[in-house]
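K.L.:
Once you've had a glance at the structure underneath, I'll fire off some questions.
Readers should treat all values here as calculations from the given coordinates under stated rules, not as data from a laboratory. Quick caveat, the model's predicted, so the values are computed rather than measured. Note that we place each Cβ from the backbone using ideal geometry, even for glycine, and neighbour counts take in every protein chain shown.
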Amino acid sequence: MKQRYIEQLNMSLSPLGFGVMRVAQNGDGSFPSETYKLLEAALECGINYFDTAYMYLGGHSEELVRDALVRNHDRNKFYIADKLPVWECKNREDMEKIFAIQLERLGTEYVDFYLLHGLNRQRWIDVYDAGVLEFLDKKRREGKIRAVGFSIHDTTDTLKMIIGAYDWQFAQLQINYYDWVVQRVEESYGYLVQCDIPCMVMEPVGGGRLSNLPPQASTLLSNADPTRSPAAWALRFVSALPNVAVTLSGMNTEAQLYENSRIFGEVSPLTGTEREVYGAVVEVIRAKNTVPCTGCRYCMEECPNGIDIPNIIHRYNDCKLFDDWERFDTQYFTFVPEGRRGDSCVACGMCVKKCPQNIQIPEALKLIHQTAVELAVGADLMQIVGKSNLVLFGAGADGQRLAAMLQSAGISIFGFADNNPELWGQTIDNVEVIAPEKLRSLDVTVMITSSKYHGAIKEQLARMGIAAVNG
């Protein structure tokens with residue numbers, strides 16, 4: 001794979017970059033020998049751009065770059081891109097502290113490419129007010145940073161605001177053929193072209209989603225070129241964009257490495273037929289009837305509770321588009337902070353007034369939150385909605401979390417049941433804990449909250465003639 005000279009940066013970069021965020025990792029945070037070999041193989045393939053971040057791989061990604069590359073190869077043979085977690089920076093002191101940790105982890109005196117990580121409008125305002133531009137200027141003067149940029153997940157208007165505030169040398173966008181149309185990423189890419197700012201690309205395969213398409217979409221691609229995989233089609237689209245300096249790929253096998261290197265070693269403009277195929281695939285995906293959110297974030301301007309509306313809808317749409325619900329509840333309750341989920345919506349309607357797409361956002365948030373709860377509890381929510389005598393068997397931490405989750409979906413809890421007699425008669429968040437034997441005389445629906453003792457509790461209830469709704 002040949003490297004290309006990027007005039008604006010005065011550097012020769014490989015068109016394919018290695019995203020050090022999805023490689024194999026041991027449970028203790030260390031890495032197997034195969035992971036080190038993979039980075040070595042990437043260097044041998046001609047890749048000279050390695051992208052890491054403070055948070056990747058549990059904080060060990062930077063250390064992997066140090067151990068696999070910095071300690072074993074001439075530092076001038078490759079470039080390191082690292083990122084400042086802006087959400088952890090309240091002031092300049094935070095930035096200095098994090099940057100010092102990053103240099104120590106990397107085992108190097110400087111970073112080639114340094115990005116403000118994951119900007120959106122509010123994060124930019126916050127970190128700007130905290131003095132990030134002064135911090136960047138200082139590090140550039142000290143020779144600690146060679147090129148300064150940012151990654152962004154927001155609208156073109158926000159991109160323009162950020163670019164207008166500083167002399168950026170590059171910017172990183174999430175570009176793939178689906179977001180190009182649906183999220184209007186073409187506009188942001190075009191603005192970078194207009195400003196003569198090189199573009200780095202993340203998520204060219206949509207985090208892997210464009211490699212696992214609905215059957216009709218897969219058929220369109222295979223009919224056009226049976227030798228090209230869906231992932232190869234996705235990479236092909238990005239490789240043809242002329243203002244893209246580097247496209248990142250989170251590769252975790254040598255097979256992926258060699259296949260991706262081959263694709264980026266044969267770059268050429270898209271044909272008319274290819275463009276038609278991409279357009280047809282996008283329409284198939286769009287027909288999955290998702291919430292038509294464009295991520296403009298106008299709905300966030302006057303939300304009284306700061307509900308993370310675009311993030312919630314985006315995660316829901318991804319699962320609906322690609323029929324992948326396996327991790328939706330985990331992602332929802334992990335990555336959408338408590339207090340900013342759909343159950344915090346007061347249906348004031350301010351978001352609806354702001355939405356260019358006229359989405360009935362309160363209704364959508366209610367549906368999405370209910371879907372997440374339904375998947376999390378492992379039972380059909382409609383079976384228990386309206387049954388006032390719902391008892392959760394298990395009053396420990398799991399039971400309390402489940403109670404809060406169900407209550408957030410509008411389901412009342414009659415009581416907890418527990419085998420610990422010391423808890424009987426007590427109340428937890430105004431919900432009484434009752435003895436299991438008392439269930440015999442009550443008209444109740446029972447859900448088991450403990451995964452560890454699920455089988456034993458199920459048998460106990462069966463002996464009492466009670467069936468749990470979650471089996």
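K.L.:
Distance from the Cα centre of region 119-176 to that of region 316-373, in angstrom?
P.N.:
Value for the Cα centre distance between the two parts: 29 Å.
K.L.:
Express as a percent, rounded to the nearest 5, the fraction of DSSP beta bridges in the chain (both residues included) that run antiparallel.
P.N.:
On the way: 5 of 44 bridges.
Close to 10 percent.
K.L.:
Moving to a separate point now. Please flag any cysteine in the chain that has no other cysteine's Cβ under 4.7 angstrom from its own Cβ.
P.N.:
Cys45, Cys89, Cys195, Cys199, Cys293, Cys296, Cys303, Cys319, Cys345, Cys348, Cys355
K.L.:
Turning to a different aspect of this structure: Over the chain, what is the relative contact order in percent, taking alpha-carbon pairs closer than 8 angstrom and at least six residues apart? Provide the component values of the computation, followed by the final result.
P.N.:
On the way: 743 pairs, mean separation 48.9, N = 471.
Computed over the chain, the figure is 10 percent.
K.L.:
Distance in nm between label sites at Asp323 and Asp28, each 7 Å beyond Cα in the beta-carbon direction?
P.N.:
Modelled inter-label distance: 4.3 nm.
K.L.:
Set the Förster radius R0 to 22 Å, insert the Cβ-Cβ distance between Lys97 and Lys160 as r into 1/(1 + (r/R0)^6), and round the FRET efficiency to 0.05. Spell out each step's value before the answer.
P.N.:
Details: r = 31 Å, r/R0 = 1.41.
With a Förster radius of 22 Å, E is 0.10.
K.L.:
If you don't mind, another one. Describe numerically, in nm with one decimal, the distance between label points set 7 Å from Cα along Cα→Cβ at Gln360 and at Ser229.
P.N.:
Here the modelled spin labels are 4.3 nm apart.
K.L.:
Tell me, what HN-Hα J-couplings in whole Hz come from the Karplus equation 6.51 cos²θ - 1.76 cosθ + 1.60 at θ = phi - 60° for each residue of region 213-226, using x for Gly and Pro?
P.N.:
8, x, x, 4, 5, 4, 5, 4, 5, 5, 5, 6, 7, x
K.L.:
Under 5 Å between amide H atoms, partner at least 5 residues away or on a different chain: which partners does Ile175 have, H built in plane at 1.01 Å?
P.N.:
Amide H neighbours of Ile175, under 5 Å, 5+ apart: Met202.
K.L.:
What angle, in degrees between 0 and 90 and rounded to the nearest 10, separates the Cα long axis of helix 397-408 from the longest principal axis of the Cα atoms of the chain?
P.N.:
The helix 397-408 is inclined about 90 degrees to the chain.
K.L.:
For region 186-212 and region 53-101, what is the separation of their Cα centres, given in Å?
P.N.:
23
K.L.:
Right, something else. Please get the size of the charge dipole for the chain, origin at its Cα centre, with Cβ charges of +1 on Lys and Arg and -1 on Asp and Glu, quoted in debye to the nearest 20. Don't skip to the answer; put the middle values down first.
P.N.:
Working: 46 positive and 59 negative charges, 64 e Å.
Approximately 300 debye in magnitude.
K.L.:
Asp429 to Arg141: extension gain in nm, 0.36 nm per residue of separation minus the Cα-Cα distance?
P.N.:
Details: separation 288, 0.36 × 288 = 103.68 nm, distance 5.58 nm.
Length difference between fully extended and current span is 98.1 nm.
K.L.:
Using the Cα centre as the reference, give the magnitude of the dipole from point charges on the C-beta atoms of region 298-377 (Lys, Arg: +1; Asp, Glu: -1; all else neutral), rounded to the nearest 20 debye. Kindly include the intermediate steps, with their values, before the conclusion.
P.N.:
Numbers: 8 positive and 12 negative charges, 51 e Å.
The calculated dipole for region 298-377 is roughly 240 debye.
K.L.:
In deg cm²/dmol and to the nearest 500, what is the mean residue ellipticity at 222 nm of the chain if only DSSP H runs of at least 4 residues count, each as -39500 (n - 2.57), divided by the residue total?
P.N.:
Numbers: 19 runs with 191 residues, N = 471.
About -12000 deg cm²/dmol.
K.L.:
To continue, here is another question. Helix 33-44 sits at what angle to the longest principal axis of the chain, using alpha carbons and giving 0 to 90 degrees rounded to 10?
P.N.:
Relative to the chain, helix 33-44 is tipped by roughly 30 degrees.
K.L.:
Just going by the charge dipole of the chain, with Lys and Arg at +1 and Asp and Glu at -1 on Cβ, which of Phe18, Ile359, Leu133 is farthest out on the positive end?
P.N.:
Ile359
K.L.:
Figure the gain on full extension for Ala462 and Glu437 (residue separation times 0.36 nm, minus the Cα-Cα span) and round it to one decimal in nm. Please report the intermediate quantities before stating the final value.
P.N.:
Values: separation 25, 0.36 × 25 = 9.00 nm, distance 1.23 nm.
Between Ala462 and Glu437, full extension yields an extra 7.8 nm.
K.L.:
Report, in degrees rounded to the nearest 10, the 0 to 90 angle that the Cα long axis of helix 230-239 makes with the longest principal axis of the chain.
P.N.:
40
K.L.:
Only one of the values (1) 4, 19, 27, 23, 16, 8, 2, 0; (2) 4, 17, 24, 24, 17, 10, 4, 0; (3) 4, 19, 30, 28, 15, 3, 0 was calculated from this structure for P(r) over Cα pairs in 10 Å bins from 0, in percent; name its label.
P.N.:
Read-out from the structure maps to (2).
K.L.:
Taking 0.36 nm per residue of separation and subtracting the Cα-Cα distance, what length does fully extending Glu7 through Gln331 add? All intermediate terms of the calculation are to be shown ahead of the outcome.
P.N.:
Details: separation 324, 0.36 × 324 = 116.64 nm, distance 4.05 nm.
Difference between extended and current length: 112.6 nm.
K.L.:
Based on the Cβ-Cβ distance of Glu88 and Ala280, what FRET efficiency does E = 1/(1 + (r/R0)^6) give at R0 = 56 Å, to the nearest 0.05? Before the final figure, lay out each step's value.
P.N.:
Numbers: r = 43 Å, r/R0 = 0.76.
That gives a FRET efficiency of 0.85.
K.L.:
Quick one: if the Förster radius is 60 Å, what FRET efficiency do Ser412 and His73 give, using the C-beta to C-beta distance and rounding to 0.05? Mind dumping the intermediate values first?
P.N.:
Details: r = 62 Å, r/R0 = 1.04.
Between Ser412 and His73 the formula returns 0.45.
K.L.:
While we're looking at this one, here's another question. Based on the alpha-carbon gyration tensor of region 381-463, what equivalent-ellipsoid semi-axes (square roots of 5 times the eigenvalues) come out, in whole Å, largest first?
P.N.:
Working: eigenvalues 62, 41, 35 Å².
Over the Cα atoms of region 381-463, the semi-axes work out to 18, 14, 13 Å.
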